[in-house]
Amino acid sequence: MADPYIVTAEMPPDLFAWADALRRAHFPPERNKLSAHVTLFHAFAPSLYEELRRVLVRFAADFAPPRARVSGLMNLGGGTAIALESPALIAIHAAIAEHFHGALTVQDSHALRPHITVQNKVTPREARELQATLAETLEPRQFRFAGLGLHI
C-alpha cells in the first residue's frame, strides 16, 4: 500500500521526551526514521483519510484523554519496548477497529498491546542487555495520553 496512514496515541511532552531520548540512544540510527510513538494502527489506506479523520475527531471529543501507566519492559525478541497499561486506550482502539472492520490489515486486526518501541532490529543478546540496564531504573508512572495522531 502506497503511503498508508498511521494512527497513534500522542504522549504527554515529558513522557515523549524521555522515550524519544531512549529511542535515539538505542535504536539503530540507520533504521530510526521516526520519533518515539505509540502505534494504534499501522496502515490505513489513503482512500479512508476523510472518514478516518472524522472518526478520530469524534472519538477524541467523545472520550476523555485515556489514563495510562508505564508498567515495565516488553521483550520484542530483537528489540525492547516500554510496556504500557491503558484499558481506556484499548477500548478506543477496539471501537475504531470495529468501525473500520473489513478495512484493516491483518496486523491492525489484532488486539492492542500498547507500547513504545525504543530498540528494534538488533540481536536478541543486545535486546536482553538493554532490558537488564533499563530494568534497574524503570519506574511505573501514571499519565494521560494527549490525543490521537494521524500520520503518513
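The values are calculated or read from the model by the stated rules, or taken from the named source; none is laboratory data. None of these values were measured; they are calculated from a predicted model. Counting neighbours? That spans all protein chains shown, and the Cβs are built from the backbone with ideal geometry, glycine included.
Things to note:
- Residue selected from the range 98-152 under the condition of a type in the set (Lys, Arg) and in contact (Cβ under 8 Å) with a residue 24 or more places away in the chain, by the criterion nearest to Glu10 (Cα to Cα): Arg144
- For the range 73-83, the criterion of a residue being within 21 Å of Thr133 (Cβ to Cβ), of a type in the set (A, V, I, L, M) and over 13 Å from the mean Cα position of the chain (by Cα) is satisfied by at least one position.
- Pairing each residue of the range 19-47 that is free of Cβ contacts under 8 Å to residues at least 40 places away in the same chain with any residue that is in a strand (DSSP E or B) and surrounded by 14 or more Cβ atoms within 10 Å (Cβ to Cβ), provided the two are 6+ apart or on different chains, yields C-beta distances under 7 Å for Thr39/Ile6; Thr39/Thr8.
- Residue within the range 68-91 that is farther than 16 Å from Arg113 by Cβ and basic (Lys, Arg) present: no
- Residue within the range 58-75 that is surrounded by fewer than 15 Cβ atoms within 10 Å (Cβ to Cβ), modelled with pLDDT of 95 or more and among the small types (Gly, Ala, Ser) present: no
- Residue satisfying all of: in the range 1-18; assigned to a loop (DSSP other than H, G, I, E, B) and aliphatic (A, V, I, L, M); nearest to Thr137 (Cα to Cα) among these: Met11
- The listed residue being in contact with a Pro (Cβ under 6 Å, 6 or more places away or on another chain), of a type in the set (Gly, Ala, Ser) and closer than 21 Å to Ala21 by Cβ, out of Ala146, Ala132: Ala146
- Among the residues making up the range 115-139, those that are among the small types (Gly, Ala, Ser) and surrounded by fewer than 16 Cβ atoms within 10 Å (Cβ to Cβ) are Ala132, Ala135.
- Residue in the range 83-105 that is out of contact with any Asp or Glu (no Cβ under 9 Å at 6 or more places or on another chain) and either among the basic types (Lys, Arg) or over 30 Å from Arg54 (Cβ atoms) (or both) present: yes
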